[in-house]
Amino acid sequence: MGDPAGVGPEIIAAAWSELASDPEFRFVVFGSKSCMKRAAALLNIDAGVTDCDLFDGPEPTDPSVHVISC
């Protein structure tokens, strides 16, 4: 998150809202959980934002945005 090329939290939240219902896609974000929550709220997106462990990864059936804090 926050790539100089412009991939910020708002773009991640918008992409998640379009792809969350597709089981082929799971979002894992390296960054700030609070920043992702703010971005989703700004865009009126009801995104579940949860912590994710780097080694375990997200559950395959959980459509939340998973954040690995760094």
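Residues in segment 7-37 that are closer than 14 Å to residue 63 by Cα and outside any helix (DSSP H, G or I): 20, 21, 22, 23, 24, 25, 26, 27, 28, 29.
With respect to (1) modelled with pLDDT under 85; (2) basic (Lys, Arg); (3) surrounded by fewer than 16 Cβ atoms within 10 Å (Cβ to Cβ), the lone exception for residue 26 is condition (3). Being in contact (Cβ under 8 Å) with a residue 40 or more places away in the chain and over 9 Å from the mean Cα position of the chain (by Cα), is that true of even one residue in segment 8-22? Yes, there is a match, as at least one residue in segment 8-22 is in contact (Cβ under 8 Å) with a residue 40 or more places away in the chain and over 9 Å from the mean Cα position of the chain (by Cα).
The values are calculated or read from the model by the stated rules, or taken from the named source; none is laboratory data. For clarity, every value in this text was computed on a predicted model and none was experimentally measured. Every residue, glycine among them, receives a Cβ derived from its backbone with ideal geometry; neighbour counts consider all protein chains shown.
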